[in-house]
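Trainee: Please find one structure pasted underneath; my questions will follow.
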Amino acid sequence: MEGVQPLAENVGNTPRPRFEKSKLLLVASAIQGLGLLLCLAYICLHLFAPQVPPPIQSIKVQFTKYEKEKGFILTSQNKDDIMKVQNNSVIINCDGFYLISLKAYFSQEVNVSLHYRKGQRPLLVLSKIRSVNSIMVASLAFKDKVYLNVTSTFYDSLYANGGELILIHQNPGEFCAH
């Protein structure tokens with residue numbers, strides 16, 4: 001019995017079978033293949049899935065009531081509009097070109113200017129008019145505020161009939177912050 005070594009010492013000295021290394025490589029290859037298959041499936045599903053276009057930024061606001069301190073009050077009739085009126089200005093959430101329509105009939109001769117950014121030239125300036133029906137395209141950016149400035153000599157009886165301001169974003173997919 002002296003020549004026989006204990007079992008614990010024997011284990012380290014025995015040669016290992018080669019099939020363990022090849023088995024490990026086979027398992028690793030199978031996992032890699034499965035990962036590649038999952039990646040391809042994800043890419044194919046993403047490419048062929050119907051693309052949902054981003055919602056179009058647009059708003060239609062009306063103005064008829066005039067207040068000395070604020071000017072004409074802008075109100076949106078549709079609560080589902082993506083764009084909102086805040087502090088009597090239409091807030092721009094997306095960079096890009098906007099189609100802008102301004103229509104109104106005034107009770108007296110007025111001066112009208114449509115602004116989008118403090119310190120910048122107005123988008124539209126009209127003097128001594130009783131009606132406006134104007135359409136334009138302007139490049140606006142995130143955080144711009146479109147607002148209307150109307151001046152007259154007699155503010156007491158000033159009102160607008162059918163006053164509306166419409167903004168429609170022309171290139172969805174540009175930078176937007178919601």
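Trainee: Condition test on Ala49, is it farther than 30 Å from Glu174 by Cβ, among the small types (Gly, Ala, Ser) and either modelled with pLDDT of 85 or more or exposed (fewer than 10 other Cβ atoms within 10 Å of the Cβ) (or both)? Please lay out each step first, then the result.
Mentor: Values: farther than 30 Å from Glu174 by Cβ: no; among the small types (Gly, Ala, Ser): yes; either modelled with pLDDT of 85 or more or exposed (fewer than 10 other Cβ atoms within 10 Å of the Cβ) (or both): yes.
The answer is no for Ala49.
Trainee: Further question on the same structure: Can you pull out the residues in region 129-145 that are farther than 19 Å from Asn93 by Cβ and either at pLDDT below 90 or open to solvent by 20 Å² or more (accessible area, probe 1.4 Å) (or both)? Spell out the reasoning first.
Mentor: Step one: list which residues in region 129-145 are farther than 19 Å from Asn93 by Cβ, which gives 129-136.
Answer for region 129-145, where residues must be farther than 19 Å from Asn93 by Cβ and either at pLDDT below 90 or open to solvent by 20 Å² or more (accessible area, probe 1.4 Å) (or both): Ile129, Arg130, Ser131, Asn133, Ser134, Ile135, Met136.
Trainee: Looking at Ser101, Ser131, Ser107 in this structure, which one is within 30 Å of Gln51 (Cβ to Cβ) and either without any contact (Cβ under 8 Å) to a residue 60 or more places away in the chain or outside any loop (DSSP other than H, G, I, E, B) (or both)? It would help to see each step written out before you state the result.
Mentor: Details: Ser131 fails: within 30 Å of Gln51 (Cβ to Cβ); Ser107 fails: within 30 Å of Gln51 (Cβ to Cβ).
None of the others qualify; the one that does is Ser101.
Trainee: Still on this structure, I have one more. Looking at (1) modelled with pLDDT of 90 or more; (2) open to solvent by less than 30 Å² (accessible area, probe 1.4 Å); (3) not basic (Lys, Arg), which is the one condition that is false for Ser152?
Mentor: (1)
Trainee: Looking at the structure I just gave you, is Gln57 touching a residue at least 24 places away in the same chain (Cβ under 8 Å), open to solvent by less than 10 Å² (accessible area, probe 1.4 Å) and under 25 Å from the mean Cα position of the chain (by Cα)? Break it down stepwise before answering.
Mentor: Working: touching a residue at least 24 places away in the same chain (Cβ under 8 Å): yes; open to solvent by less than 10 Å² (accessible area, probe 1.4 Å): yes; under 25 Å from the mean Cα position of the chain (by Cα): yes.
Against the criterion (touching a residue at least 24 places away in the same chain (Cβ under 8 Å), open to solvent by less than 10 Å² (accessible area, probe 1.4 Å) and under 25 Å from the mean Cα position of the chain (by Cα)), Gln57 qualifies.
Trainee: Looking at (1) modelled with pLDDT under 85; (2) open to solvent by 70 Å² or more (accessible area, probe 1.4 Å), which one does Ile82 not meet, given that it meets all the others?
Mentor: Every condition holds for Ile82 apart from (2).
Trainee: Condition check: under 20 Å from Ala160 (Cβ atoms) and acidic (Asp, Glu). Does Glu20 satisfy that?
Mentor: Details: under 20 Å from Ala160 (Cβ atoms): no; acidic (Asp, Glu): yes.
When the stated conditions are applied, Glu20 does not pass them.
Trainee: Is there a residue being open to solvent by less than 80 Å² (accessible area, probe 1.4 Å), outside any loop (DSSP other than H, G, I, E, B), at pLDDT below 85 and not assigned by the TED database to the domain that holds Leu102 anywhere in region 5-14?
Mentor: Yes, there is a match, as at least one residue in region 5-14 is open to solvent by less than 80 Å² (accessible area, probe 1.4 Å), outside any loop (DSSP other than H, G, I, E, B), at pLDDT below 85 and not assigned by the TED database to the domain that holds Leu102.
Trainee: In region 91-128, how many are open to solvent by 30 Å² or more (accessible area, probe 1.4 Å), under 25 Å from Thr153 (Cα atoms) and of a type in the set (Phe, Trp, Tyr)?
Mentor: Adding up the residues that qualify gives 2.
Trainee: Another question, then. So the check is Cβ under 9 Å with 6+ separation or different chains; which pairs have a first residue in region 79-90 that's on the phi > 0 side of the Ramachandran plot and a second one that's crowded, with 17+ Cβ neighbours inside 10 Å and not in a strand (DSSP E or B)?
Mentor: Taking only residues 6 or more apart or on different chains, the pairs are Asn88/Leu74.
The values are calculated or read from the model by the stated rules, or taken from the named source; none is laboratory data. Note that this is a predicted model, so its numbers are computed, not measured. For neighbour counting, all protein chains shown are included, and Cβ atoms are generated from backbone atoms with ideal geometry for every residue, glycine included. Surface accessibility is based on the protein's heavy atoms, side chains included, excluding ligands, DNA and RNA. Shrake-Rupley method; radii C 1.70, N 1.55, O 1.52, S 1.80 Å.
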